[in-house]
Every structure is written in C-alpha cells, then in structure tokens.
C-alpha cells in the first residue's frame with residue numbers, strides 16, 4: 001500500500017474556524033483515521049504546517065496536538081517543496097495577498113470564503129490560479145450538512161413538483177462583549193477589517209441556492225447595523241461599522257422567490273440556527289443543519305383562519321421527519337477529503353475559485369442593492 005505525504009501550509013489556524021473546523025475536525029481527524037485512502041489504495045497523509053502571526057500560540061497548538069511544524073514566516077513555508085497545498089483561514093482583508101503569494105509559489109490553494117472583498121479581486125485570483133496551472137478550491141461546507149443533503153435529495157427526486165419559494169432564516173444573538181464575552185471575533189463588526197454579515201453569509205447563500213434549488217438571478221437587499229457599539233477581546237469599546245443584519249429577496253431561475261434573513265441580532269425561536277423552508281406545488285420541506293421535515297400535498301391539513309378561537313393543535317406535529325438513512329461525517333472534513341483526492345488523484349471537484357467569485361459577486365451586489373435601494377440582476381461571470 002503506497003503512502004503519499006502531502007504538506008499543507010495552514011494559515012490562520014489560531015482563529016476560531018481555522019482551528020476547530022479545519023485543523024482539529026478535518027486534517028487531524030483524517031490523520032486519526034489513518035489518512036485518506038484513495039480508490040487505487042494510495043493513502044494520503046496530510047502533514048500540516050501551522051502558520052500565523054503569534055509564535056507562542058502556534059507553539060502551544062503544535063504541542064497540544066503533537067505537531068512539529070509551525071512558523072510565522074509564510075514565505076519560508078511556501079518555499080518548502082514538501083508543502084504542496086496552501087490553505088487560508090485568515091481575516092478577509094489578508095486573504096488576497098496571501099493567496100497570490102501561494103499561487104506565485106506554485107502551490108495548490110484551498111481557502112475559506114469570501115475569497116476576496118471585491119468581485120474584481122476574486123475573479124483575478126481565479127484567473128491567476130488557472131494561468132499558473134495549479135488546483136484551487138473554496139470552502140462550501142453548508143452543502144455537506146445532513147439537513148441540506150436531505151433537502152437536495154428531495155429536490156432531485158421531484159418531491160416538490162414545481163418549486164415556488166424558499167425562506168432562509170439564519171442567525172442568533174451575538175453578545176456585545178460588555179457584560180458577556182462575544183462568541184464571534186470583533187473584526188466581524190468592523191467594515192474596515194472586512195467584517196459584515198453580507199460579505200460573510202451571502203457567499204454561503206449563493207452556493208447553497210445555486211446547487212440545491214436553482215441559480216440566483218437577482219437580488220434586492222436591506223442591511224442594518226442594529227448594534228452600533230461593541231466591546232472587543234480586550235474589553236475595549238469600539239464603534240461597530242459593519243452590517244450585523246441583512247434582509248434580502250432573491251429571484252432564482254424559473255421564477256422561484258427566495259427570502260433570506262441573516263442576523264447576528266436575533267434571538268432564536270427555531271429548531272436550529274438556520275432553516276431552509278421550501279414550498280412546492282406537490283409538497284414542502286423545512287431543513288436545518290441536521291434534520292429535514294416534510295409535508296406532502298396528500299397529507300396537507302386544511303387550516304382555517306379564526307382568531308376568535310385558540311389553536312388546539314401544534315402545526316409542527318403535522319410534518320414528518322425524514323429518516324437518518326445515511327451516515328454523515330463532518331462537512332468540512334468531507335470537503336477536505338475531496339480536495340486532497342483532487343490534488344493527488346485528479347478526482348472530480350466542483351468548488352473552485354470561480355465558484356468563490358460567484359459568492360463574492362452576490363455579496364457585492366447585495367451591498368450595492370442595500371446602498372442604492374434597488375433590485376440588481378446577477379449576471380453570469
């Protein structure tokens with residue numbers, strides 16, 4: 001059995017997402033299972049090189065997980081021929097320069113989204129990667145969620161008949177940071193540091209809707225900064241300059257209407273932190289992170305509006321839960337395995353930097369729509 005070691009420069013692993021989802025639950029999890037076994041029997045062994053600005057934090061993480069390779073010198077890590085892949089989970093404002101540096105060094109690149117703050121930069125990155133002949137990918141983790149895998153199966157089976165509409169509800173209350181520590185980094189709420197919920201979440205909604213329901217064709221958005229002052233990790237107050245909530249109406253191919261609410265200033269009264277409610281002529285479904293409930297046309301009850309009488313039943317009891325027919329692994333890990341197979345064995349892979357650019361396109365148009373108060377078409381790149 002052949003074993004192929006692949007060095008991965010992981011930049012930004014001291015951050016929340018880079019550490020928990022990409023290092024611990026993906027790369028280290030692949031190592032714990034003995035590597036990734038490809039179709040031909042080759043075992044891919046990922047060898048992470050931790051990169052960041054704080055040497056002490058990197059040393060601490062390396063020691064905690066039994067790793068030996070870490071550095072604050074990105075150029076040196078990229079100059080090492082044993083490192084084939086560059087991964088980026090930094091703050092958005094630092095991403096473009098680092099990705100360009102990795103592409104110029106001839107490394108395959110895999111990155112968190114958004115790939116850039118502007119569509120022009122996102123497309124330029126994709127063009128540079130294509131010209132360099134390297135393989136490139138962008139994180140599309142929501143597509144690997146059990147709830148959305150179930151929902152996609154319903155769409156592909158024709159369960160809905162003609163799809164009419166989609167309602168996406170996402171969000172939770174992010175503490176301001178004064179009397180209780182915030183559960184998200186403070187840069188998320190400063191536009192000058194690449195923060196804002198539109199730039200963060202609209203790239204997600206783009207690939208989810210494109211791949212699960214139908215391509216996005218137009219956007220009308222309203223954004224708000226509901227909490228104007230927050231407190232950072234040191235307990236210092238700062239002005240929140242980025243949008244912390246966005247309310248959008250998207251038109252999808254085929255006349256499907258999607259209403260998408262994204263907020264870090266809402267208290268949760270849903271079964272999960274995000275829900276996708278799809279209505280069709282033959283049936284409806286509500287999918288979350290893990291679960292998916294359905295109501296078929298033949299089993300749809302006949303509600304009657306009568307505000308003079310109390311509701312005597314629970315509407316949610318009239319839906320049926322889809323069974324757990326599959327085993328679902330961590331979505332970030334699954335996509336890492338697909339990207340590693342793409343790099344080593346040229347396996348099929350569908351989420352490249354051009355897909356990332358389409359996400360940035362929707363975010364950029366959403367911001368423009370909110371500023372100008374008008375509906376904007378989403379054209380093909």
So, in region 306-323, exactly how many residues are assigned to a loop (DSSP other than H, G, I, E, B) and either without any contact (Cβ under 8 Å) to a residue 24 or more places away in the chain or surrounded by fewer than 10 Cβ atoms within 10 Å (Cβ to Cβ) (or both)? 10
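How many of the residues making up region 62-74 are touching a helix residue (DSSP H, G or I) at 6+ places or on another chain (Cβ under 7 Å) and either under 16 Å from residue 19 (Cβ atoms) or free of Cβ contacts under 8 Å to residues at least 60 places away in the same chain (or both)?
Total meeting the criteria: 5.
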Every listed condition ((1) assigned by TED's automatic domain parsing to the domain that holds residue 216; (2) in contact with a helix residue (DSSP H, G or I) (Cβ under 9 Å, 6 or more places away or on another chain)) holds for residue 249 save (2)
When you check residue 245 against the structure, is it surrounded by fewer than 20 Cβ atoms within 10 Å (Cβ to Cβ), modelled with pLDDT of 95 or more, touching a strand residue (DSSP E or B) at 6+ places or on another chain (Cβ under 8 Å) and within 14 Å of residue 200 (Cβ to Cβ), yes or no? yes
Tell me, which residue of region 56-75 that is in contact with a strand residue (DSSP E or B) (Cβ under 8 Å, 6 or more places away or on another chain) and over 27 Å from residue 353 (Cα atoms) is surrounded by the fewest Cβ atoms within 10 Å (Cβ to Cβ)? 59
Hits in region 287-302 - residues which are touching a helix residue (DSSP H, G or I) at 6+ places or on another chain (Cβ under 9 Å) and over 16 Å from residue 144 (Cα atoms): 293, 294, 295, 299, 300, 301
Being closer than 27 Å to residue 275 by Cα and either assigned by TED's automatic domain parsing to the domain that holds residue 209 or part of a strand (DSSP E or B) (or both), is that true of even one residue in region 112-130? no
Quick one: count up the residues across region 192-210 that are crowded, with 18+ Cβ neighbours inside 10 Å and closer than 14 Å to residue 238 by Cβ. 1
Does region 246-266 contain at least one residue that is part of a loop (DSSP other than H, G, I, E, B), free of Cβ contacts under 8 Å to residues at least 40 places away in the same chain and either under 28 Å from residue 192 (Cβ atoms) or over 21 Å from the mean Cα position of the chain (by Cα) (or both)? yes
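Taking region 275-286, which residues are part of a strand (DSSP E or B) and touching a helix residue (DSSP H, G or I) at 6+ places or on another chain (Cβ under 8 Å)?
As a first pass, look at region 275-286 and keep what is part of a strand (DSSP E or B): 275-280, 283-286.
Correct list: 276, 278, 283, 285.
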Filter pass, residue 348 being over 24 Å from residue 149 (Cα atoms) and assigned to a loop (DSSP other than H, G, I, E, B): no
On the given criteria, is residue 78 crowded, with 19+ Cβ neighbours inside 10 Å and over 23 Å from the mean Cα position of the chain (by Cα)? yes
What number of residues in region 113-125 are surrounded by fewer than 23 Cβ atoms within 10 Å (Cβ to Cβ) and in contact with a strand residue (DSSP E or B) (Cβ under 7 Å, 6 or more places away or on another chain)? 0
Determine if region 191-201 includes at least one residue that is more than 18 Å from the chain's Cα centre (by Cα) and in a loop (DSSP other than H, G, I, E, B). no
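The values are calculated or read from the model by the stated rules, or taken from the named source; none is laboratory data. This is a predicted model, so every value here is computed, not measured. As a convention, Cβ positions derive from the backbone with ideal geometry for all residues, glycine included, and neighbour counts pool all protein chains shown.
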